[in-house]
Amino acid sequence: MTDRVHLSHPDVGPLEESYLVAALRSGWVAPVGPDLDAFENEVAARVGTRGAVAVSSGTAALHLALLGVGVQPGDAVVVPTLTFVATANAVRYTGARPVFVDCDARTGNIDVPLLSELLHRLRARGERVGAVVPVDMFGSCADYPALLPVCGDAGVPVVEDAAEALGATDHGRAAGSFGQVGALSFNGNKIITTSSGGMLVSDDLPLLARARHLASQAREPVAHYEHRETGYNYRLSNLLAAVGRAQLARLDGMIGRRRLLRDRYAKLFASVPGVELVGAEDVESNCWLTVIRVRSERSGWRAADLAAHLAAQNIETRPVWKPMHRQPAYADFESLLTGAADDLFAEGLTLPSGSGLTEQQIATVFGAIEGFLAVRTGAVSG
Ligand SMILES: *Cc1c(COP(=O)(O)O)cnc(C)c1O
């Protein structure tokens, strides 16, 4: 590890090492084996779904989830404009087209009244809507009590992009379990990691069986190589599943560390004018990333000023996702916007939030922010 403080560095240690070595010695090195089966069962138990299918990435999980709910080429699929590009890319893999909808200004999650309006518009035009893909932004569940009836009334299946949200809940129900199918990510920067990996979680066992089939080149269960449709090579290695099992065993501890960090940020910024934590009131978030929003007309400084100050001290921060309707690859697609995502992109900043940060690294980050505030906030009031 370098001296650089990262946003969300993989948090792995002796437990992951012992699981990985045991899997290697077991001889199950292929994308099949007991750790894969156990990892699927353990994640399904954690999320509270009847089953799960491990795959090579969260993006692959989203792709198979969209196919699983019957998304067809040419369909409209509603995606929040504030998300990581993988959500929109997965829609394109199916031949469908994403239609973007803005976010709630306070939480960054999909704006449900606006979604409702968009579904009415699409329906009025006679368009087939293949799915709605809410994203549990930064580890905070979308507003499902509002969203699920809207999608249910419209007869549109929900594919939950819970890539950032494993371990989060809403009214006690786990992220990943709200849609007909959910997609999780175990990429290196996510709440738990298998270095790269993902999973579909669902109560819909036929959907999961079909996803498993498509993830294995759609190979028919016969001795010769028989294929009736185009499949994909999306399976996860048994070795990586072993790492995932170790990570999952530590999930609650890792969420606890991220939550503690977020609480400390909340305290630090509580008395700073013009700064608020995005989604701070969600006590069931997994606190994947702490995001602040800086209203410069009140603070006297911009998010980018703090980012530059921290970068100079080798501390990584990032803007929130650049909205999809601003991306060259997606600017030509339809969208229904309020400006909320644009504002969050302009004013938001994600802060170092990893569960693996040492006390010394945390002290470095907080010292750097306090140093910045002492100068900038003083300048405003003085
Ligand atoms: C990380 C992420 C994905 C993709 O997961 P990968 O495992 O990197 O393919 C999808 N959606 C969101 C919102 C993400 O943050």
*On a 0 to 90° scale, report how tilted helix 238-249 is relative to the longest principal axis of the chain, with both axes built from alpha carbons and the result rounded to the nearest 10.*
50
*Which stretch or stretches of segment 93-109 have amide N atoms under 13 Å from the point lying 7 Å from ALA146's Cα along the Cα→Cβ direction?*
102-109
_Which of GLU117, GLU42 has the fewest other C-beta atoms within 10 Å, and how do the rest follow up to the most?_
GLU117, GLU42
*What shape does segment 8-116 have by the C-alpha gyration tensor, where a ≥ b ≥ c are the square roots of the eigenvalues, rounded means a/c under 1.5, and otherwise prolate means a/b greater than b/c and oblate the rest?*
prolate
*Please find the FRET efficiency linking LEU7 to ARG228, where r is the Cβ-Cβ separation and R0 is fixed at 41 Å, and quote it to the nearest 0.05.*
0.40
*Neighbour-count order for SER355, SER285, fewest beta carbons within 10 angstrom listed first*: SER355, SER285
_Packing-based ranking, highest mean first, of 134-142, 237-245, 21-29, 303-311 given that Cβ atoms within 10 Å are counted_ = 134-142, 237-245, 303-311, 21-29
*Cα gyration tensor of the chain, axes a ≥ b ≥ c as square roots of the eigenvalues: rounded (a/c below 1.5), prolate (a/b > b/c) or oblate?*
oblate
*Pairwise label distance in nanometres, ALA304 with ASP153, each label 7 Å out on the Cα-Cβ vector*: 4.1
*Place +1 on the Cβ of every Lys and Arg and -1 on the Cβ of every Asp and Glu in segment 14-249, take the dipole about the Cα centre, and give the residue among ALA44, TYR225, MET199 whose Cα lies farthest towards its positive end.*
TYR225
*asked:* Under a crude label model (7 Å from the Cα following the beta-carbon direction), how far is ASP252 from GLU297 in nanometres?
replied: 4.6
_Most mobile of TYR225, TYR93, TYR144 in a GNM of the chain (Cα contacts under 10 Å)_ = TYR225
*Which whole-Hz ³J(HN,Hα) couplings does segment 150-158 yield from phi under the Karplus relation 6.51 cos²θ - 1.76 cosθ + 1.60, θ = phi - 60°, glycine and proline marked x?*
4, 6, x, 4, 7, x, 10, x, 9
*Name the residue, out of PRO34, PRO221, PRO98, whose mean-square fluctuation peaks in a Gaussian network model built on the chain with Cα pairs under 10 Å.*
PRO221
*Please give the contour-minus-distance gain from ARG50 to ASP263: 0.36 nm per residue of separation, less the Cα-Cα distance, rounded to one decimal in nm.*
73.3 nm
*Between ASP203 and ARG128, what length in nm is gained on full extension when 0.36 nm per residue of separation is reduced by their alpha carbon distance?*
24.5 nm
*Top of GLY167, GLY74, GLY155 by mean-square fluctuation, Gaussian network on the chain, Cα under 10 Å*: GLY155
*Averaging sequence separations of C-alpha pairs under 8 Å and six or more residues apart, then dividing by the length of the chain, give the relative contact order as a whole percent.*
24
*Using a/c under 1.5 as the rounded threshold, could you call segment 211-359 rounded, prolate or oblate? The axes a ≥ b ≥ c are square roots of the C-alpha gyration tensor eigenvalues, and prolate needs a/b larger than b/c, oblate otherwise.*
oblate
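None of the figures in this text is laboratory data; all of them are computed from the coordinates on show. Only a predicted model underlies this, so the values are computations on that prediction, with no experimental measurement involved. Cβ coordinates were reconstructed from backbone atoms using ideal geometry, including for glycine residues, and neighbour counts include every protein chain displayed.
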